[in-house]
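The values are calculated or read from the model by the stated rules, or taken from the named source; none is laboratory data. Computed from a predicted structure; not experimentally measured. Glycine gets a Cβ as well: all are built from the backbone with ideal geometry, and neighbour counts include every protein chain shown.
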Amino acid sequence: MNEALLLQKGQAFLALQPFSMLIGAELHALSPGRCELHVPVAEKILQQNGFVHGGVVSYAADNALTYAGGTVLDWAVVTSEFKINYVRPAIGERLIARAQAVYAGKSQAVCRCDVFVLVNGEEKLCAVAQGTVARLPTNVPAQDTPK
């Protein structure tokens, strides 16, 4: 599948995620083993100190990791474990999560992700994550799978 079609399929999956739509997440790039996901910073995703809530930063990393793993494991996947380190508060205009698969086997992929916040055109690292993405068993039906 070429990258344009892969991106379209990924965007169709994202559109099926109510939380992703609620926060305005956008899939910007998708290729085998790689993903770039953006989340515009808006007041509704901030915490009481004025920076992006850690749960939203974690969401961006987790979703990007799962997309990166899903492209090498044939889509029907879930995150089976996940770790994140927050390195600075996310204060800026946009979150950018870039993930890549660093290992892919038959049933799982290990992926890492850097999450940046865009500040006046400059990307600043705000979190680093790693996770394992697992292929769903073939007897589990995929719900609302985009064609």
Being outside any helix (DSSP H, G or I), closer than 28 Å to Thr138 by Cβ and touching a residue at least 60 places away in the same chain (Cβ under 8 Å) is the filter here; which residues of the range 49-81 pass it? Asp74, Trp75, Ala76
Could you tell me which residue of the range 82-118 is farthest from Val128 (Cα to Cα), considering only residues that are assigned to a strand (DSSP E or B) and of a type in the set (Lys, Arg)? Arg94
Note on Trp75: of the conditions (1) modelled with pLDDT of 95 or more; (2) more than 14 Å from Gly131 (Cα to Cα), unmet is (1)
For the range 77-108, how many residues are among the hydrophobic types (A, V, I, L, M, F, W, C), farther than 15 Å from His38 by Cα and surrounded by 15 or more Cβ atoms within 10 Å (Cβ to Cβ)? 5
For the range 68-91, which residues satisfy the criterion of being in contact with a Lys or Arg (Cβ under 7 Å, 6 or more places away or on another chain) and within 16 Å of Gly54 (Cβ to Cβ)? Arg88
Just one of (1) within 20 Å of Ser20 (Cα to Cα); (2) in contact (Cβ under 8 Å) with a residue 40 or more places away in the chain trips up Leu46, so point out which. (2)
Within the range 1-28, the count of residues that are out of contact with any strand residue (DSSP E or B) (no Cβ under 9 Å at 6 or more places or on another chain) and part of a loop (DSSP other than H, G, I, E, B) comes to 4
Failed condition for Val110, given (1) within 14 Å of the chain's Cα centre (by Cα); (2) more than 25 Å from Leu6 (Cβ to Cβ); (3) not acidic (Asp, Glu): (2)
Restricting attention to the range 110-125, and to residues there that are among the hydrophobic types (A, V, I, L, M, F, W, C) and in contact with a strand residue (DSSP E or B) (Cβ under 8 Å, 6 or more places away or on another chain), which single residue is farthest from Asn85 (Cα to Cα)? Leu118
